[in-house]
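Beneath this line is the structure, given in C-alpha cells, with notes to follow.
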Amino acid sequence: PRVFNFSAGPATLPDVVLEQARDELLDWRGVGASIVELSHRGKEFMGVAAEAEADLRRLLSISDDYVVLFLAGGATTAQALVPLNLASAGQRADYVVTGHWGKTAIKQARPYVDVNIAATSEAGGFRDLPARADWQLSPDAAYVHITANETIHGVEFRDIPDVGDVPLVADFSSSIASEPLDVSKFGVIYAGAQKNLGPVGVTVVILRRNLLERAGQPRADIFDYRSHVKGESMLNTPPTWNWYLAGLVFKWMLAEGGVEEFARRNARKAAALYAAIDGSGGFYRNDVAAPVRSRMNVPFFLHDASLDKAFLAESEAAGLIGLKGHRALGGMRASIYNAMPEAGVRALIGFMDDFRKRHG
Ligand code: PLP
C-alpha cells in the first residue's frame with residue numbers, strides 16, 4: 001500500500017504518474033522498447049522532450065523571451081553556472097541569504113565572483129526574511145540571487161523583491177509550479193526537479209534570452225548556457241528517464257487545473273497544518289514569522305525533544321513517512337508539495353492530534 005510521504009526531496013510523486021510510467025516501462029507506446037532504452041536523438045525521445053518544454057511553458061506562462069533548459073547536475077550545479085555565465089571573473093554579485101540553500105549558493109559562487117552578502121537573516125536563525133529596505137545591494141552587481149523557498153528553514157518569499165535593472169536570479173527548487181509566477185520579473189530561475197517537478201536527476205533552468213549575450217568567464221562548453229541552448233539541452237546524453245517523468249508530472253499538473261489550482265490546494269494544506277501546530281497549546285511549535293512561513297516545507301518541533309523518537313516511529317506505523325527534520329535543525333519537517341494530497345495533510349493533522357492526546 002502507498003503511504004503518505006512527507007520527504008523534502010526526493011519527494012512523493014502522483015500515483016497516476018508512477019502508474020503511467022509503470023505501464024509504459026517495457027513498451028513505450030507500441031515501440032516495443034522502453035523510453036529509457038531509446039536514443040535521446042531519436043524521434044520518440046525528441047518528442048517527449050519537446051512536449052515537456054511546451055507543457056512547462058504553458059504551466060508557468062513562460063514567454064519566448066526565455067529559454068528553458070533541462071540539465072543534469074542538480075540545483076547545486078545550477079548555482080555554479082550562474083556566476084560563470086552571468087558575471088566576469090571577480091565581478092561583484094549580490095546574495096540575499098535566508099537559509100541553508102542560500103549559503104550553498106554562495107559556496108558555489110565564491111570561486112568565480114566577489115560575493116556580497118546583501119542581506120542575511122542568519123543572526124535570527126533564519127526565522128524571518130531581511131526587510132527589503134535593509135538590503136545593501138551593490139551598484140555594480142552582475143545579478144542578485146535569492147532562494148525563493150528555503151527547504152530546510154521553511155521560509156519563503158511571498159512577493160518578488162524589486163531589485164531594479166539588475167537581473168534577479170532565484171533558486172526555486174522547492175516551490176516552482178506551486179503557484180502562478182511572473183517569470184518576467186526574473187533573469188534566471190532554476191530548480192532541481194526532485195520536489196515539485198519529478199524525480200531527482202534533471203534540473204530546469206529558465207533563462208532570459210538577452211542574458212546569453214553576457215560573456216561570462218572562461219568555462220568549458222558543458223558549463224556554458226549558450227552551448228546548452230544551441231544543443232537543446234542535449235550537449236551530452238541527458239537524463240532521459242528523469243526528463244520523461246518530469247514531462248508526465250507537467251501533464252498531470254495541467255490536467256489537474258494548472259498552477260492556479262495547486263496554489264489553492266497548497267494554501268489550504270499549509271493553513272490547516274500551521275493552524276494545527278499553532279493550536280496545539282505549545283505541544284508543537286513552528287518558529288518562522290507567520291507572513292513568510294513556507295507553504296511547501298513546514299518544520300516543527302515537539303515541546304519535548306525526548307518524544308521525537310516515538311513521534312517518528314508512531315507516524316511511520318500510521319503510514320506517514322519522511323517526517324524527520326533536517327539534521328541542521330532537528331525536530332520534524334512536513335514537506336507538502338503539489339503531489340501531497342489534501343488527504344495526506346488531514347491524516348498528518350489527525351495523527352498529530354492523537355499523539356498529543358496520548359503524550360501530552
Ligand atoms: N536549493 C534548494 C532550495 C534545495 O532544496 C536543494 C536540495 O534540497 C538544493 C538547492 C540542492 O539541490 P541538488 O541536490 O539538486 O543539488
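The values are calculated or read from the model by the stated rules, or taken from the named source; none is laboratory data. In this text, all values refer to a predicted model and were calculated from it rather than measured experimentally. Here the Cβ is made from the backbone with ideal geometry for all residues, glycine too, and neighbour counts use every protein chain on show.
Does VAL17 meet the test of being crowded, with 19+ Cβ neighbours inside 10 Å and closer than 30 Å to ASP171 by Cβ? Yes: the conditions hold for VAL17. Of note, GLY331 satisfies the criterion of being more than 30 Å from LEU71 (Cβ to Cβ), touching a Pro at 6+ places or on another chain (Cβ under 8 Å) and of a type outside the set (Lys, Arg). Tell me, please, whether a residue that is part of a strand (DSSP E or B) and within 16 Å of the ligand (Cβ to nearest atom) can be found in segment 221-240. No, because not a single residue in segment 221-240 is part of a strand (DSSP E or B) and within 16 Å of the ligand (Cβ to nearest atom). Of everything listed in (1) in contact with a Leu (Cβ under 9 Å, 6 or more places away or on another chain); (2) under 23 Å from THR98 (Cα atoms); (3) among the hydrophobic types (A, V, I, L, M, F, W, C), the single unmet condition for LEU320 is (2).
For segment 173-196, the tally of residues that are among the hydrophobic types (A, V, I, L, M, F, W, C) and within 11 Å of the ligand (Cβ to nearest atom) stands at 3. None of PRO180, PRO130, PRO199 is over 27 Å from PHE250 (Cβ atoms) and either of a type in the set (Phe, Trp, Tyr) or assigned to a loop (DSSP other than H, G, I, E, B) (or both) except PRO130.
A count restricted to segment 278-315 and to residues that are in contact (Cβ under 8 Å) with a residue 60 or more places away in the chain and within 25 Å of the chain's Cα centre (by Cα) stands at 13.
Has segment 128-137 got any residue that is closer than 16 Å to ALA87 by Cα and either outside the structural domain of ASP94 (by TED's automatic domain parsing) or buried (at least 24 other Cβ atoms within 10 Å of the Cβ) (or both)? No, because not a single residue in segment 128-137 is closer than 16 Å to ALA87 by Cα and either outside the structural domain of ASP94 (by TED's automatic domain parsing) or buried (at least 24 other Cβ atoms within 10 Å of the Cβ) (or both).
Counting only helices (runs of 4 or more DSSP H) wholly contained in segment 30-126, the ones carrying 1 or more residues that are assigned by TED's automatic domain parsing to the domain that holds ASP224 and away from the ligand (no atom under 16 Å from the Cβ) occupy 43-60, 74-86. From the residues in segment 179-191 that are touching an Asp or Glu at 6+ places or on another chain (Cβ under 9 Å) and of a type in the set (Gly, Ala, Ser), which one is farthest from ASP162 (Cα to Cα)? Residue satisfying both the conditions and the ranking: ALA191. All of (1) more than 30 Å from ALA347 (Cβ to Cβ); (2) in contact (Cβ under 8 Å) with a residue 40 or more places away in the chain hold for PRO10 with one exception: (1).
In this entry, LEU25 passes the filter for residues that are farther than 16 Å from VAL202 by Cα and either within 16 Å of the ligand (Cβ to nearest atom) or hydrophobic (A, V, I, L, M, F, W, C) (or both). Being within 11 Å of the ligand (Cβ to nearest atom), more than 18 Å from TYR66 (Cα to Cα), modelled with pLDDT of 95 or more and not small (Gly, Ala, Ser) is the requirement here; does VAL200 meet it? Yes, satisfied. Within segment 133-157, the set of residues being assigned to a loop (DSSP other than H, G, I, E, B), under 18 Å from ASP182 (Cβ atoms) and away from the ligand (no atom under 16 Å from the Cβ) comprises TYR143 only. Would you check if ASN338 is touching a strand residue (DSSP E or B) at 6+ places or on another chain (Cβ under 7 Å) and polar (S, T, N, Q)? Considered against the rule, which asks whether it is touching a strand residue (DSSP E or B) at 6+ places or on another chain (Cβ under 7 Å) and polar (S, T, N, Q), ASN338 comes out as no.
Taken across segment 33-54, residues that are closer than 30 Å to LYS324 by Cα and in contact with a strand residue (DSSP E or B) (Cβ under 6 Å, 6 or more places away or on another chain) do not occur at all. Inside segment 158-177, can you point out the residues that are surrounded by fewer than 23 Cβ atoms within 10 Å (Cβ to Cβ) and part of a strand (DSSP E or B)? Passing the criteria: only LEU168.
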